[in-house]
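Presented below is the structure to which this report refers.
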Amino acid sequence: MTLLFVGGFLICLTMTLAIGWPIAVFLGFSTRLGSIGFSVGLGLGVILIGCRAVQLWFSIAQVTWHMWLCVFGYLLAAWWPVKVRSALVDYVGKYRVHLALIAVAIAAVAMALNVPILLGEAIQFDGSRNADSFTFVSSARYMAHHAFYGDGDFNPSRPVYSILRSYFGEGAIQPRPAAEGLLAWLGATFDADPMYLYNGLLTAGMLLGGLSIMAFLPEHMALSPERFALLLPLMLACPTLLFVAINSNFANAFMLAPATVYVALGGVQRRWGTFVAGVIAVGCLMSGYPELLLFVGLMRFFAVVGRGIVTARFLPIAFNSGLLLLEVLASCALFPWAAKSALIVYRTTLGVSRAGASDQVGNMYAGVPAAIVAAAFLLTAWNDLKRYASGERLRTLFAGVLLAFTAAQLLMVIRGYPYGGFKIAEYFVTVLSAMVMVCGAIGLSVEAGASRTRMQQSRLVLIASTVLAVLWQDVRLLKRSWAFAEDRQVTHDLVAAGRWMQRHIPNGPVALGHTSASFYYGHWVPYVTGAHLVYDWADPDAAGYLSPYLREAETVRFSDAQVLLFIDDIGMPDETPDSELARFGRIHLVCKPSDE
């Protein structure tokens, strides 16, 4: 099953680039090192807009190959013009060493993040206390066979579907993001359960977000491969970026690339190509993670205002602000289904934040260190940015980013909303990393052999110390992630037990007994089998954070079950009971004692 992980990962990366490169060429973004950044952001934007449109009215499995036919038709038409292929040949010829370094870095980060799958027994895992993979994988399963506006399938004997009532149908309180449609699509392509592809796609989405940072690089910046290699950890291995994948923030991971490109457009001369790119990015954000659109829009608006103040020309403020609004309106007109979903999400999010701001857990100041580092880098490169044609725009854009972050952070502090502060760190991570990378590249631009001023030496010290700090923090995060994954993973023994129950106890009920982590690992049992599982509600938290949903949907009592399933603690296997019916690794199925 590792092949499914690798296959999903590679298909996601290559399809995004293949779709995005022709768009970048036609819109005029193919003549710079950062072209690959625009390609991944725009390509992923088109994919997710399409997935959202399909999942509203069709079951993904029903139209899987129709979707691929559309992709292949687009690729044939988009790559037919000679200038698209010529631009790629020129780009690879000029930057082949840089691309090779990127490929090595991507492979290294992907392998480090997914050690439990590549070197362990895991099929799917989470590297933190978060258990949102439940919802993402379950939603993708549902989308494979049910349209958003189709007839619901909320049978109490299938508790996962009862939970999904909140996310599908006319009464949905918050429609699911487009990234889950992509997961369902690739799962249907391989005729495999989405959980086999989950971590591969999550990693791909996060890395595409990192690659999109390159869109900020000035058009004529000369960056040698050696200097570029030094900056790669700041782009693809920022600790907060890695934590997006480690913490299983699937939807956010896939929105980072389009969001980053949308902000990067603020550093480019306004023309028709930037407008079209903005419409694509806004449409994607409305389709997948509308909350993020508010923050990136604020960054762009502050940049427009700052540019007007610096140039003492206030008419352009109104004009460019109007263009930002027009991008949103054009996106709403072209993708009305995305606009409708975004409005629902805004209403729901506002209600949740008002009702439970103090109840949701998170590090209020998670993004502050990255913002401080970005501000320090900006100060060291402030004057030198003027050497580039887009330098003035980048200065006001970066200042706008810091101002937007400060405003958002203060709002969360005033409201006492720690979880909001935690999410802000993820929303701003790629843009703050872009500031560090661009300013760091300027700090490395002193020619070899030239005399170095004290300022230039301090820049080198700042860059080197930042890279070392990033790598040190990465190691800490990864080690902790692997430790968490030991008890938060789906393994083959769980799947084998599920298949056995489907064959021998198809109608259940099966009582779920002791598990090493009922909050996560044990609770995956209902999602890998059609057997009807029941819980002992003497423990109100018997099914973890999903207990309220499952208790409400229960139609059979724990005492009615004849078979009990329990899972050994890691490294502490229980003795095999005489009443054992079957065993699969740590998982036991036994005759349930009458006194249970």
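Given 0.36 nm per residue, what is the gain on full extension from Leu10 to Gln269 after removing their alpha carbon distance, in nm? If you can, show how the numbers build up before the last one.
Working: separation 259, 0.36 × 259 = 93.24 nm, distance 3.35 nm.
Here the answer is 89.9 nm.
Provide the packing ranking of 489-495, 239-245, 277-283, 212-218, i.e. peptides ordered by the mean count of other C-beta atoms within 10 Å per residue, highest first. If you can, show how the numbers build up before the last one.
Values: 489-495: 20.0, 239-245: 24.0, 277-283: 26.3, 212-218: 28.3.
My ranking of the peptides, most packed first, is 212-218, 277-283, 239-245, 489-495.
Rounded to the nearest 500 deg cm²/dmol, what is the calculated helix-only ellipticity per residue at 222 nm for the chain, with -39500 (n - 2.57) per DSSP H run of length n ≥ 4? Before the final figure, lay out each step's value.
On the way: 22 runs with 377 residues, N = 596.
Mean residue ellipticity at 222 nm (helix-derived): -21000 deg cm²/dmol.
Based on alpha-carbon centroids, what's the gap between the range 411-429 and the range 475-504 in Å, whole number please?
31 Å
How do the peptides 376-386, 285-295 rank, highest first, by the average count of neighbouring beta carbon atoms within 10 Å per residue? The partial results should precede the final answer.
Working: 376-386: 17.0, 285-295: 24.3.
Packing proxy ranking, top to bottom: 285-295, 376-386.
If you take every residue apart from Gly322 with its C-beta less than 13 Å away from the C-beta of Gly322, what net charge results, scoring Lys and Arg +1 and Asp and Glu -1?
+1
Find how much the distance from Arg415 to Lys94 grows on full extension, using 0.36 nm per residue of separation minus their present alpha carbon separation; answer in nm with one decimal.
Details: separation 321, 0.36 × 321 = 115.56 nm, distance 5.03 nm.
Extending this stretch completely gives an extra 110.5 nm.
Taking the mean number of other Cβ atoms within 10 Å as a proxy for protection, how do you rank 39-47, 402-410 from highest to lowest? Can you show the working numbers first?
On the way: 39-47: 29.3, 402-410: 18.2.
In descending order of packing, they fall as 39-47, 402-410.
Compute the whole-percent fraction of alpha carbon pairs in the chain spaced more than 45 Å apart.
19 percent
With a bin width of 5 angstrom, please list the P(r) values of the range 206-288 as percents of all Cα-Cα pairs, from the 0 bin to the one holding the largest distance.
All Cα pairs considered, the percentages come to 3, 14, 21, 22, 18, 14, 8, 1.
Estimate the FRET efficiency between Ala312 and Leu334 by the formula 1/(1 + (r/R0)^6), using the beta-carbon distance for r and 35 Å for R0, to the nearest 0.05. Kindly include the intermediate steps, with their values, before the conclusion.
Values: r = 36 Å, r/R0 = 1.03.
Efficiency at R0 = 35 Å is approximately 0.45.
Throughout, read-outs are computed from the coordinates displayed, never taken from laboratory work. The structure presented is a predicted model; accordingly, all values stated were derived computationally and were not measured. With ideal geometry, Cβ positions are generated from the backbone for all residues, glycine too; neighbour counts draw on all protein chains shown.
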